[in-house]
Amino acid sequence: MKYFKILFTLLLSLLFIFSIDCSSSKKVRGPGVTKWKYFKIYADADDAPIFVKIQDDLQIVPKLERFTVVVDIRDKDTSNWYIIFGDEASSNPPRFSWSQLSKDVQDGLIKWDGSNKENLQ
């Protein structure tokens, strides 16, 4: 009976570890991630210089270490493209025109393929 309990505990532990691994594997992105037109990025300034540069472009002071940015470039009229600095669901998050971002930040956001990028379409 003692061995059965040990084996059962070990089996449950393995199932738990496997379930965590499976849930994180859903975040793996394929090559289509760079074609998304409406997405959210959970940004961390330590991940890449682009997440500091975006704050420079938008004149965010003081600089934030972690933040959310929502990008919406779905409209055919590029003058309607925008980003939201913060969570869309929060009350009145700051909204900026896509054109306020430098070309390298625009390209960096579109080409970002990290697991912290979420498709909103």
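The values are calculated or read from the model by the stated rules, or taken from the named source; none is laboratory data. Being a predicted model, the structure only gives us computed values, none of them experimental. Methodologically, a virtual Cβ is constructed for each residue, glycine included, from the backbone with ideal geometry; neighbour enumeration extends over all protein chains shown.
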Yes/no for Ile73 being β-branched (Val, Ile, Thr), at pLDDT 95 or above, over 15 Å from Gly86 (Cβ atoms) and touching an Asp or Glu at 6+ places or on another chain (Cβ under 9 Å): no
Residue that is nearest to the chain's Cα centre (by Cα), among those in the stretch 43-65 that are more than 15 Å from Gly114 (Cα to Cα) and loosely packed, with under 12 Cβ neighbours inside 10 Å: Glu65
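Take the stretch 87-111 and flag every residue that is more than 17 Å from Asp56 (Cβ to Cβ) and either hydrophobic (A, V, I, L, M, F, W, C) or surrounded by 17 or more Cβ atoms within 10 Å (Cβ to Cβ) (or both).
Ala89, Ile110
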